[in-house]
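In what follows, a single structure is set out as structure tokens and then discussed.
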Amino acid sequence: MLTHYAKVLSHTFILLVFCSLSSICAAREPVLVPEYGLENLSQNTPSEPLPLGTQLDSEGKPLAIPAEQSALEYSSPTVNVDEAKTKQTTKSTAAKKKKPSRKQQLASRDRVANDPSCRWLNARMSQLETQIGNRPDRAASYHTDELSARQQEWQCLKCGAEGPNQDDHYRCQYRR
């Protein structure tokens, strides 16, 4: 019985609190911030509903959303016939050039084999060449010595052609 009275009292208390809060809120005047007053709120609400998919910016104006475009709708650029003919003539003149001999390929640094040691060797030789070019002959003598050793290593490793074999690294390594 005592629990029944406790439930009734708690429900009554909650009901009184709810009624008093609603009456307090209704009697209280709204606080208006100058930029967000009731007048501004009524102006920002659109009179007609927005169409589906419309987005608004911070000022309430509709944003222009670009139409979605599929990646499958790709069109290749047009090719001028004159450009195609000039490309063919340059290819035919390049084909007429004499292919370098095997010895010239090995010594040449125009092409670098796809090997990490060959790429490093090419970069080191380029660095040595720039250092030699910046100094007088006597001051760069140790650079010229290293460059000649690196050129021999380049040819031994076949870095200008197909690149080194597995045992070429040990056999061709520059030793001081």
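With respect to Glu83, is the statement that it is assigned to a helix (DSSP H, G or I) and either modelled with pLDDT under 85 or charged (D, E, K, R) (or both) true? So Glu83 fits the description; yes. Looking across segment 86-107, the residues that are part of a loop (DSSP other than H, G, I, E, B) and either open to solvent by less than 100 Å² (accessible area, probe 1.4 Å) or at pLDDT below 65 (or both) come down to Pro100, Ser101.
Where helices (runs of 4 or more DSSP H) fall wholly inside segment 108-176, the ranges with 2 or more residues that are over 39 Å from the mean Cα position of the chain (by Cα) and of a type in the set (Ser, Thr, Tyr) are 141-156. Taken together, the residues in segment 131-176 that are of a type in the set (S, T, N, Q) and touching a residue at least 24 places away in the same chain (Cβ under 8 Å) amount to 2. Pairs linking a residue in segment 58-73 that is under 30 Å from Glu48 (Cα atoms) and assigned to a loop (DSSP other than H, G, I, E, B) to a residue that is open to solvent by 100 Å² or more (accessible area, probe 1.4 Å) and at pLDDT below 70, with Cβ atoms under 8 Å and 6 or more positions apart or on different chains, are Gly60/Asn44.
The values are calculated or read from the model by the stated rules, or taken from the named source; none is laboratory data. Just so it is clear, the model here is predicted, and its values are computed rather than measured. When we count neighbours, we look across all protein chains shown, and the Cβ atoms used for this are built from the backbone with ideal geometry, even at glycine. In case anyone asks, the SASA skips ligands and DNA or RNA and just uses the protein heavy atoms, side chains included. Shrake-Rupley method; radii C 1.70, N 1.55, O 1.52, S 1.80 Å.
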